[in-house]
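Worksheet: the structure to be examined is printed underneath.
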Amino acid sequence: MGGTEPVPPVDQDALVALGADGEFLRQILDISPTLIFAKDRGGRFILVNKTVADLYGAPIAELIGKTDADFNKNPEEVAFFRRVDLHVMDTLEEVVLEEEITDHTGRQHWLQTVKRPIIDPDGKANRMLGVSTDITRRRELEDQLRQSQKMDALGQMAGGVAHDFNNLLAIILGNTERLLISYEEGRTLDDRSLIGSLELKQSAGERAGSLISKLLAFSRRQPAKLAVVDLNSLVRGMEAMLRSLAGRRIQLSMDLDNEPLPVRADQGQFEQVLLNLVVNARDAMPEGGKLDIRTRAEKDLGKDRDADGAAGYVFLEVRDNGVGMPPEVIERIFEPFFTTKAKGKGTGLGLSTVYGIIRQCGGDVTVESRPGEGSLFRVRLPRSPVASGTEPHTRVTSDPKGGETILVCEDEKEVLELVRNTLTEQGYNVIAASDSREALDAARRIGGNLDLLLTDIIMPNMNGRQLAEKISQFVPQVRILYMTGYSSDLLGLDELPSTSWIGKPFRAADLLRRVRELLDQS
């Protein structure tokens, strides 16, 4: 008969010896791939393992008694860590969050961190313990998934966008043809009819440009970056896109709070949340219906505060009157790959993505639903203080006219003519070039009298940034203004000051204002 080997008795003396051996415990800490640390109320490290030391590029002994600020050169990260640490010790509550940290080489890491207070016998906490897992690779995969979902959504929106865009083109072309026919037949339109027709064309053109701008912004791929954003502005900015996605059979209404609702989130990711919730609601109403999007604030003066110390929460609610869900579906609705759709109709990742993004922002998402009575998805986020930014110092004149010399380089003939006329009519001395080589020759002739280069970026032979670099070599004081119809992140323009580029299509007033701002910068 088979049997098992007898289990030897526990050697209690050996266990006590190991437990008392500080070196043995040190090896346990240092073999862990997670970051393990403890800090006192002053933010000083009182315990770190080798993984923390490697991240900050310093020996363990050098970290003890020092703070994050001594090794991390990103003041925003340091300030955030400090606020969270104090929150943990003050509230005696455990915090679980995802956060960014910069290592000693300047590389960014995403960490999933648990911070817990170390409570003293008197019931207070002057120390805290933290454990962080590097989830950078996981975040990269999640970003790839979200980008894939964006592309799928853009495909779904194609029909609605084409419909809207064709309507706008009909307004522009129809009014243009009406004006041309009147001119050819020798008929004179009264001022009211003429101005009305031009205003319709202008409005349609601006709406078309806004639609394309939103599509470019939504489709772009960019790294996640948490920042304070206004929830109302974010929702309002996506309205046109969401209406196209919902379709004509669904009545979409928005009820946004009257006051700003600042939250700490990544704007691109939160757009994904809205997108997925609207897609989910649309699919629940195959015959059409009503879709309501609402934002509101709830001021909570109790102990619930976010890590930045701001009291209260803000809410985003998405309600539909579709088919609804039974309890057994609601229990699994946020599970990855769970879907009630037919095979090939859905990945089951949309709502799990929503859940993951909201948790990263420190919030939560719940759902209320009954079969035949629709569904209500409620996102709750901690309210954040408003962050203030600084703009480059400029002296902007009230009248955007000028007499400076501007070199305009644009390979699209009609756009070149439009820009030249716009600037010339305001008094500028304009030299127009249809390609970069012609522009470079003109710049050499003008020399030190050239004040501003206004150039398209994507051009044959030499792009706009290369042209600007060459001209700056012999006219170092020249100001540069780029214009482009492409997404700014694809061209690296997001790295430049916002005053140094302008997106097409642009209004004449916006172009003149941007030119004046650059020329007047001190």
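Being among the charged types (D, E, K, R), open to solvent by 30 Å² or more (accessible area, probe 1.4 Å) and not in a loop (DSSP other than H, G, I, E, B) narrows it down to one of Glu140, Glu93, so name that one. Give the derivation first.
On the way: Glu93 fails: not in a loop (DSSP other than H, G, I, E, B).
Step by step, each of Glu140, Glu93 is checked, and only Glu140 is among the charged types (D, E, K, R), open to solvent by 30 Å² or more (accessible area, probe 1.4 Å) and not in a loop (DSSP other than H, G, I, E, B).
State whether the residues of region 62-81 include one that is more than 30 Å from the chain's Cα centre (by Cα), of a type in the set (A, V, I, L, M, F, W, C) and either modelled with pLDDT under 90 or part of a loop (DSSP other than H, G, I, E, B) (or both).
no
Does any residue of region 297-310 turn out to be at pLDDT 80 or above and out of contact with any helix residue (DSSP H, G or I) (no Cβ under 6 Å at 6 or more places or on another chain)? Full working, then the answer.
Start the filter on region 297-310 by keeping residues that are at pLDDT 80 or above, which leaves 297.
Imposing the further condition that a residue be out of contact with any helix residue (DSSP H, G or I) (no Cβ under 6 Å at 6 or more places or on another chain) reduces the set to 297.
The answer is yes, given that some residue of region 297-310 is at pLDDT 80 or above and out of contact with any helix residue (DSSP H, G or I) (no Cβ under 6 Å at 6 or more places or on another chain).
Which count do you get for residues in region 344-363 that are hydroxyl-bearing (Ser, Thr, Tyr), modelled with pLDDT of 55 or more and open to solvent by 30 Å² or more (accessible area, probe 1.4 Å)?
Initial filter on region 344-363 (hydroxyl-bearing (Ser, Thr, Tyr)): 347, 352-353, 355.
Filter again for modelled with pLDDT of 55 or more, leaving 352-353, 355.
So of that shortlist, the ones also open to solvent by 30 Å² or more (accessible area, probe 1.4 Å) come out as 355.
The qualifying residues number 1.
Would you please name the residue that is nearest to the chain's Cα centre (by Cα), looking only at residues in region 406-464 that are surrounded by fewer than 17 Cβ atoms within 10 Å (Cβ to Cβ) and of a type in the set (Ser, Thr, Tyr)?
Here the residue is Ser434.
Within region 84-105, can one find any residue that is within 24 Å of Arg26 (Cβ to Cβ) and hydroxyl-bearing (Ser, Thr, Tyr)?
Start the filter on region 84-105 by keeping residues that are within 24 Å of Arg26 (Cβ to Cβ), which leaves 85, 101, 103-104.
Restricting the remaining residues to those that are hydroxyl-bearing (Ser, Thr, Tyr) gives none.
No, the conditions are met nowhere in region 84-105.
Condition first: touching a residue at least 12 places away in the same chain (Cβ under 8 Å), more than 15 Å from Ile457 (Cβ to Cβ) and either open to solvent by 70 Å² or more (accessible area, probe 1.4 Å) or touching a Lys or Arg at 6+ places or on another chain (Cβ under 8 Å) (or both). Now tell me which residues in region 467-481 satisfy that.
Selection gives Phe474, Gln477, Arg479.
I'd like the full set of residues that are of a type in the set (Val, Ile, Thr) and not in a helix (DSSP H, G or I), limited to region 413-444.
Applying the first criterion (of a type in the set (Val, Ile, Thr)) to region 413-444 yields 415, 419, 422, 424, 430-431.
Result: Val430, Ile431.
The values are calculated or read from the model by the stated rules, or taken from the named source; none is laboratory data. Quick caveat: nothing in here was measured; it's all calculated off a predicted structure. Ideal geometry is used to build each Cβ from the backbone, glycine not excepted, and the neighbour counts take in all protein chains shown. We work out accessible area using only protein heavy atoms, side chains counted, and drop any ligands, DNA or RNA first. Shrake-Rupley method; radii C 1.70, N 1.55, O 1.52, S 1.80 Å.
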